[in-house]
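The values are calculated or read from the model by the stated rules, or taken from the named source; none is laboratory data. Not measured: the values here are computed from a predicted model. Please note: Cβ atoms are built from the backbone with ideal geometry, for glycine as well, and neighbour counts cover all protein chains shown. Note: areas computed on protein heavy atoms with side chains; ligands, DNA, RNA excluded. Shrake-Rupley method; radii C 1.70, N 1.55, O 1.52, S 1.80 Å.
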Amino acid sequence: ALPSELGELVTSHMREIPDFPTLGVLFRDISPLFAAGEDFARFIRMLAAHYRGRIDAIAGLESRGFPLAAPLAVELGLPMIMIRKAGKLPGPVLREDYELEYATASMEIQPFTVAEDQRVLIVDDVLATGGTANASINLIERSGGIAQEFLVLMELTDLGGRARLPERVACQALLTL
Ligand code: PRP
Ligand code: MG
């Protein structure tokens with residue numbers, strides 16, 4: 001299992017902002033973790049120790065997944081894959097559309113960045129409805145990789161995202177809120 005100290009580091013380096021980005025939403029901001037210097041370095045090293053040998057590449061979800069996936073990939077000496085909001089990556093790209101509360105969103109990947117049967121760890125900051133997570137799992141699999149594990153710093157359990165993920169993907173949350 002992941003060391004509990006990881007969740008403690010997230011808690012101690014997180015800000016809670018009421019009514020952002022809209023009224024009634026309590027936004028959990030993990031920017032302080034990225035700014036924490038040696039604590040962030042220790043955080044990345046602990047994650048690396050947990051995932052070493054179990055995965056072949058790390059995919060980060062735009063945008064807060066990027067500063068998690070990149071240092072982890074470097075620490076493990078593994079490839080880093082970007083999954084971005086639609087329209088940001090030059091083609092050819094694969095695209096997945098998914099439903100938000102009042103709109104649709106889209107994520108894209110450059111499939112050449114994923115090797116055949118590569119075991120991929122997908123990383124993001126928050127699991128909410130699971131829409132973003134599901135789209136990213138589909139993009140990795142459509143690119144020929146294996147969506148082996150999904151890691152988020154925080155899981156908002158009220159929104160039921162975990163139940164919407166395929167059972168074959170092991171989902172780990174450092175904090176459940
Ligand atoms: C947030 C969060 C996750 C996603 C989770 O990203 O960073 O990526 O929502 O929500 P879901 O489980 O309901 O899909 P957002 O789209 O706000 O963009 P950002 O990461 O670029 O800020
Ligand atoms: Mg996001």
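Solvent-accessible area assigned to carbon and sulfur over the chain amounts to 52 percent, based on a 1.4 Å probe. Placing LEU26, LEU156, LEU61 in order of accessible area, with the largest value first and a 1.4 Å probe, yields LEU26, LEU156, LEU61. All Cα-Cα separations within the stretch 18-119 were binned at 5 Å from zero, giving a P(r) of 2, 11, 16, 18, 18, 15, 13, 6, 1, each value a whole percent of the pairs.
Our estimate of slack between GLU38 and ARG164, defined as 0.36 nm per intervening residue step minus the Cα-Cα distance, is 41.8 nm. In this view, the solvent-accessible surface of ARG54, computed with a 1.4 Å probe and all protein chains in place, comes to about 90 Å².
Between CYS171 and PHE150, the built amide H atoms are under 5 Å apart, and every one of these is 5 or more places off in sequence or on another chain. Counting only C-alpha contacts under 8 Å and six or more residues apart, can you give the relative contact order of the chain as a whole percent? Relative contact order here is 18 percent. The accessible area of HIS13, taken with all protein chains in place and a 1.4 Å probe, comes to roughly 40 Å². Our Cα-only numbers for the stretch 54-176 put the radius of gyration and Dmax at 13.2, 40 Å.
With θ taken as phi - 60° and the Karplus curve 6.51 cos²θ - 1.76 cosθ + 1.60 applied, the whole-hertz 3J(HN,Hα) list for the stretch 145-155 is x, 10, 6, 7, 9, 10, 10, 10, 6, 9, 10 Hz, x standing for glycine and proline. The slack in the chain from ALA103 to THR22, taken as 0.36 nm per residue of separation less the alpha-carbon distance, amounts to 27.6 nm. Averaged over its residues, the chain has an accessible area of 49 Å² per residue, based on protein heavy atoms and a 1.4 Å probe.
Each peptide in 79-87, 1-9, 97-105 was scored by the mean count of other Cβ atoms within 10 Å over its residues; highest first, the order is 79-87, 1-9, 97-105.
Legend: residues ASP19, ASP158, sorted from most to least accessible area (1.4 Å probe; ligands, DNA and RNA excluded), read ASP158, ASP19. Phi angles across the stretch 81-90 convert, under the Karplus curve 6.51 cos²θ - 1.76 cosθ + 1.60 with θ = phi - 60°, into 3J(HN,Hα) values of 10, 9, 10, 10, 4, 4, x, 9, 9, x Hz, Gly and Pro given as x. Proximity of backbone amide H atoms, modeled 1.01 Å from N, is registered between GLU155 and LEU127, LEU175, THR176, LEU177 at under 5 Å, excluding neighbours fewer than 5 places apart on the same chain. Would you calculate the separation in nanometres between label points at ASP29 and ALA49, each defined as 7 Å from the Cα along the Cα-to-beta-carbon direction? With each label placed 7 Å out from Cα toward Cβ, I get 3.1 nm.
Taking Cα atoms of the stretch 122-173, Rg/Rh with Kirkwood Rh, to two decimals? Don't skip to the answer; put the middle values down first.
Details: Rg = 10.1 Å, Rh = 10.8 Å.
My calculation of the ratio gives 0.94.
Each residue of the stretch 129-144 was assigned a 3J(HN,Hα) from its phi angle through the Karplus expression (A = 6.51, B = -1.76, C = 1.60, θ = phi - 60°), giving 6, x, x, 5, 4, 4, 4, 5, 4, 4, 5, 5, 5, 5, 7, x Hz with x at Gly and Pro.
What FRET efficiency comes out for the pair THR11/ALA115, r = Cβ-Cβ distance, R0 = 41 Å, nearest 0.05? Can you show the working numbers first?
Numbers: r = 36 Å, r/R0 = 0.87.
It comes out at approximately 0.70.
Only protein heavy atoms count here; under a 1.4 Å probe, THR11 has an accessible surface of about 80 Å².
Rounded to the nearest 5, the antiparallel percentage of DSSP beta bridges internal to the chain is 35%.
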